[in-house]
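Each remark here refers to the structure printed beneath this line.
The values are calculated or read from the model by the stated rules, or taken from the named source; none is laboratory data. Note that the structure is a prediction, hence the values are computed from the model and not measured. Because the Cβ atoms are built from the backbone with ideal geometry, glycine has one as well, and the counts that use them run over all protein chains shown.
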Amino acid sequence: MYSEMIGIVFMFTISLLLAIPLGKYMAKVYGGQPTRLNRVFNPLEKWLFGISNINPNTEMNWKQHMLAMMIINGVWIVLGMLILMNQSWLPLNPDKNPDMSAHLAFNTTISFVVNCNLQHYSGETGVSYLSQLFLQFLQFVSAATGMAAAVVLFKALKDRATHQLGNFYFFFVKSITRILLPISVVIAILFLLEGMPMSFEGKEQMVNLQGDTIQVSRGPVASFVPIKHLGTNGGGYFGSNSAHPLENPSYFSNMVAMIAQLLIPFSMIFAFGYFINRRKMSWMIFGVMTVGFLLLAIPNIVQEVNGNPAIAKMGIQQKLGAMEGKEMRIGAAASGFWSIVTTVISTGSVNAMHDSTMPMSGMNEMLAMMVNSFYGGCGVGLLNFFIFIILAVFISGLMVGRTPEFLGKKIEANEIKIAMLIALLHPFLILVGTALSSYLYVNNPEAYASWLNNPGFHGFSEMLYEYTSSAANNGSGFEGLGDNTLWWNTSTGIVLILGRFLPIIGPVAIAGMLAAKKQIPESAGTLKTDTTTFGIMIFAVILIVTALSFFPSLALGPIAEYFTLY
Amino acid sequence: MKTHVFSAIKLTLVMLILLSGIYPLLIWGAAHLTPDKGQGKRIIANGQSYYKNIGQTFTQGQYFYSRPSAVSYNAAGSGGSNKGPANPDYLATVQARIDSFMVHNPGIHKKDIPAELVTASGSGLDPHISVEAATIQVKRISQIRNIPEANLNELIRKHTEQPMFGPSVINVLALNISLDQLK
């Protein structure tokens with residue numbers, strides 16, 4: 001168990017050590033400053049922009065940014081629906097997998113476009129290799145969309161008054177060519193060395209040692225999995241995601257995947273500090289996020305390592321912890337740790353089945369997504385956190401009786417209105433979705449019997465988890481839920497769209513409005529926003545908003561389950 | 001607006017070529033330079049090429065059992081049981097597995113049965129068990145195969161993998177193949 005604990009600390013430290021220089025590099029890329037890699041990337045980008053008729057140096061205001069973003073996302077949704085609903089006759093389908101139904105294709109496309117990767121299908125039977133390669137494309141571009149939106153925020157908060165916030169395509173393309181793609185290639189090679197498959201042949205039939213005939217699914221796995229983690233997407237190549245021994249062959253590959261998903265969210269925080277020339281701000285943000293992260297992760301590791309009390313009562317030994325839904329090569333400690341990394345960040349990949357984790361672990365996994373800004377997804381984590389900063393500035397401003405301002409810009413009624421709407425949208429989507437589903441289920445338990453895989457409180461948690469995961473664009477699930485139905489595909493699909501684009505547009509709008517305002521020089525009376533005190537203030541705001549919104553629903557699910565078990 | 005739409009379509013198409021074409025082909029090419037050639041780690045035995053990382057079902061008494069699986073180790077699919085920790089049906093299943101294990105392994109103590117032998121893995125394809133899970137089966141296999149316990153313990157020791165970080169594990173398939181070759 002000792003070496004497993006060291007393994008966890010090691011993973012976290014390496015991620016941080018890599019993220020600081022990467023953050024500096026990203027700030028340079030987004031600032032358009034030359035880097036040593038210019039010679040490689042300039043011609044490639046010139047080709048991409050040339051064919052697409054885009055001038056990457058045209059300045060946009062925040063509205064033009066959002067328009068460009070929405071249009072290109074719309075193109076991806078149309079294309080995705082077309083491919084998934086016709087995959088049976090399109091090329092690269094050696095296993096002869098069928099077309100997706102319209103509602104499943106809707107859900108799947110939306111969910112990959114919005115960087116969520118909620119999967120109501122299994123990779124082995126639900127998609128062709130062509131579809132997998134297209135989903136892999138979406139994993140790149142959805143991550144880059146989030147990053148580009150966050151850079152608009154960076155630009156807006158640089159100390160000057162302006163409407164010009166750079167070019168969306170510039171940020172978007174460079175996020176891919178200079179950050180996501182090169183790092184993915186490196187990770188893919190590490191994965192290949194660990195024995196991850198990369199082929200285009202269909203299922204392999206074989207006779208096992210005992211003489212039964214089985215089949216083994218395979219495909220282009222090693223190119224898919226790096227961006228799945230690096231882009232905080234989380235959609236599994238196989239049905240059981242990173243628990244699958246071909247998708248995550250060893251403890252080492254598990255560490256690489258873990259570092260890959262922490263990398264960009266960490267780096268974005270540091271890139272922000274370098275970009276606006278306030279490195280102390282980065283550390284304040286990182287500090288708040290890390291405290292929140294540890295408060296969720298440590299109890300999960302402890303819970304999973306201690307095992308299931310109901311199984312302990314049967315009189316067998318649980319030295320390795322709670323092993324239902326977990327893999328031997330990864331172990332309970334690293335699975336518990338991963339379950340929080342993947343939920344605080346919006347990855348949503350799993351290396352153990354969350355449905356079978358202990359009640360309090362399940363609660364922390366949900367809480368991580370309910371907060372959705374302790375690190376958070378590629379770019380969007382920082383945007384979510386920005387909302388809490390604005391709210392904290394406003395509340396502290398009221399407490400000390402000064403005009404609230406952030407980085408020399410006055411925060412006024414309009415900004416606060418948007419921030420409040422975005423902060424309330426998240427609980428609204430989760431609770432309304434869960435309430436509607438519970439209503440349907442309770443009034444017609446026979447018709448919807450296939451929904452829930454577990455009775456009682458845990459069954460309620462399965463529904464609550466699904467909407468939380470959708471609204472947070474996370475994509476993990478209590479996978480026992482029978483979710484490939486018209487109701488679940490459409491209702492979560494709608495939650496996914498709203499939970500993605502409004503929390504991007506809201507913060508970018510606030511930033512754009514702030515950018516246009518006159519800069520107020522700092523004075524003795526200015527509320528300092530890069531201090532520990534202010535960090536605690538933000539933390540308190542986050543805690544109050546989530547606790548008040550979600551505690552009642554958590555009490556009905558995991559908390560009630562806890563008291564039946566212990 | 002119109003220019004945005006055309007640019008978006010064209011940019012999408014070139015990005016598709018780059019990210020769904022060139023990038024996977026590059027990785028596919030790189031795979032052929034690695035020891036496994038992009039086919040996954042393999043074990044060759046009995047004229048068959050097995051996937052080392054895909055667990056197999058072992059229910060016959062003469063072999064070391066693998067863990068219970070929600071998909072019966074058929075890698076055409078994958079998945080866990082997704083049963084909650086307090087689910088009464090699930091707990092009854094676990095109890096039944098314990099009872100069955102006790103029947104098939106006479107002479108062992110219940111308190112020594114490791115939980116991983118009676119709980120299903122996340123993928124249903126877990127290729128590993130722990131050292132304790134192998135050791136507790138030595139008595140049974142020794143009786144069925146007529147091999148001294150010491151030899152089996154030696155075999156287990158040889159197959160124990162301890163990575164730098166993480167739990168120590170035994171690949172059940174590799175262990176059972178060596179077991180077949182023991183006599």
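When A:SER240, A:SER253 are checked against the criterion of being of a type in the set (S, T, N, Q) and under 25 Å from A:ILE6 (Cβ atoms), A:SER253 stands alone in meeting it.
Among the residues making up segment A:29-47, those that are over 20 Å from A:ALA149 (Cα atoms) and either basic (Lys, Arg) or within 29 Å of the chain's Cα centre (by Cα) (or both) are A:THR35, A:ARG36, A:LEU37, A:ARG39, A:PHE41, A:LEU44, A:LYS46. Restricting segment A:497-556 to residues that are closer than 22 Å to A:PHE286 by Cβ and assigned to a loop (DSSP other than H, G, I, E, B), the residue that is modelled with the lowest pLDDT is A:LEU527. Comparison of A:GLY381, A:GLY377 shows that the only residue that is crowded, with 24+ Cβ neighbours inside 10 Å, in contact with a Phe, Trp or Tyr (Cβ under 9 Å, 6 or more places away or on another chain) and not polar (S, T, N, Q) is A:GLY381. Scanning segment A:115-144 for residues that are of a type outside the set (S, T, N, Q), within 7 Å of chain B (Cβ to nearest Cβ) and outside any helix (DSSP H, G or I) gives no hits.
For beta carbons closer than 8 Å, sequence separation of 6+ or different chains, a first residue in segment B:98-126 that is more than 10 Å from A:ILE316 (Cβ to Cβ) and a second that is of a type in the set (Ser, Thr, Tyr) and surrounded by fewer than 23 Cβ atoms within 10 Å (Cβ to Cβ), the qualifying pairs are B:ALA120/B:SER69; B:SER121/B:SER69; B:GLY124/B:SER69; B:GLY124/B:SER72; B:LEU125/B:SER69; B:ASP126/B:SER69.
If you go through segment A:226-241 and keep only what is among the polar types (S, T, N, Q) and either more than 9 Å from chain B (Cβ to nearest Cβ) or farther than 18 Å from A:THR343 by Cα (or both), you end up with A:THR232, A:ASN233. For segment A:1-28, the set of residues classified as under 21 Å from A:ALA334 (Cα atoms) and more than 24 Å from the chain's Cα centre (by Cα) consists of A:MET1, A:TYR2, A:SER3, A:GLU4, A:MET5, A:ILE6, listed by residue number.
Residue by residue, here is whether (1) within 14 Å of another protein chain (Cβ to nearest Cβ); (2) in contact (Cβ under 8 Å) with a residue 24 or more places away in the chain; (3) outside any helix (DSSP H, G or I) holds:
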residue	(1), (2), (3)
A:LYS417	no, no, no
A:MET420	no, yes, no
A:ALA423	no, yes, no
A:PRO427	no, yes, no
A:LEU431	no, yes, no
A:SER437	no, yes, no
A:TYR441	no, no, no
A:GLU446	no, no, yes
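Residue check: is B:ALA86 facing another protein chain (nearest Cβ under 7 Å) and either surrounded by 18 or more Cβ atoms within 10 Å (Cβ to Cβ) or on the phi < 0 side of the Ramachandran plot (or both)? Yes, satisfied. Hey, does segment A:91-114 have a residue that's facing chain B (nearest Cβ under 10 Å) and either at pLDDT 95 or above or surrounded by fewer than 21 Cβ atoms within 10 Å (Cβ to Cβ) (or both)? Looking for residues that are facing chain B (nearest Cβ under 10 Å) and either at pLDDT 95 or above or surrounded by fewer than 21 Cβ atoms within 10 Å (Cβ to Cβ) (or both), one finds at least one in segment A:91-114, hence yes. Apart from one condition, A:ASP212 fits all of (1) modelled with pLDDT of 95 or more; (2) in contact with a Ser or Thr (Cβ under 9 Å, 6 or more places away or on another chain); (3) of a type in the set (D, E, K, R); the exception is (1). Could you say whether any residue in segment B:141-149 is under 22 Å from the mean Cα position of the chain (by Cα), of a type in the set (Ser, Thr, Tyr), assigned to a helix (DSSP H, G or I) and more than 9 Å from chain A (Cβ to nearest Cβ)? Within segment B:141-149, none of the residues are under 22 Å from the mean Cα position of the chain (by Cα), of a type in the set (Ser, Thr, Tyr), assigned to a helix (DSSP H, G or I) and more than 9 Å from chain A (Cβ to nearest Cβ). Restricting segment A:61-72 to residues that are surrounded by fewer than 20 Cβ atoms within 10 Å (Cβ to Cβ) and in contact (Cβ under 8 Å) with a residue 40 or more places away in the chain leaves a set whose member that is farthest from A:LEU138 (Cα to Cα) is A:ASN61. Here is the figure for segment B:150-183: residues that are part of a loop (DSSP other than H, G, I, E, B) and farther than 25 Å from A:SER250 by Cα total 3. Taken over segment A:1-46, the residue count meeting the criterion of being in contact with a Phe, Trp or Tyr (Cβ under 8 Å, 6 or more places away or on another chain), of a type in the set (Phe, Trp, Tyr) and closer than 18 Å to A:PHE272 by Cα is 1. Within segment B:112-138, the set of residues being part of a helix (DSSP H, G or I), within 23 Å of B:GLY84 (Cα to Cα) and not small (Gly, Ala, Ser) comprises B:GLU116, B:LEU117.
Checked against (1) surrounded by 24 or more Cβ atoms within 10 Å (Cβ to Cβ); (2) over 16 Å from A:PHE374 (Cβ atoms); (3) not charged (D, E, K, R), A:TYR274 passes all but condition (1).
Out of A:TRP488, A:TRP451, one residue alone is hydrophobic (A, V, I, L, M, F, W, C), in contact with a helix residue (DSSP H, G or I) (Cβ under 9 Å, 6 or more places away or on another chain) and away from chain B (no Cβ under 14 Å). It is A:TRP488.
Each residue in segment A:242-253 was checked for being part of a loop (DSSP other than H, G, I, E, B), closer than 19 Å to A:GLY477 by Cα and either polar (S, T, N, Q) or at the interface with chain B (Cβ under 7 Å from one of its Cβ atoms) (or both), and 2 pass.
Filtering segment B:29-74 to residues that are in contact with a strand residue (DSSP E or B) (Cβ under 8 Å, 6 or more places away or on another chain), small (Gly, Ala, Ser), within 9 Å of chain A (Cβ to nearest Cβ) and in a loop (DSSP other than H, G, I, E, B) leaves B:GLY38, B:GLY40, B:GLY55. Screening the candidates A:SER128, A:SER142, A:SER199 for the property of being closer than 24 Å to A:LEU92 by Cβ and either free of Cβ contacts under 8 Å to residues at least 12 places away in the same chain or surrounded by fewer than 24 Cβ atoms within 10 Å (Cβ to Cβ) (or both) yields one hit, A:SER199.
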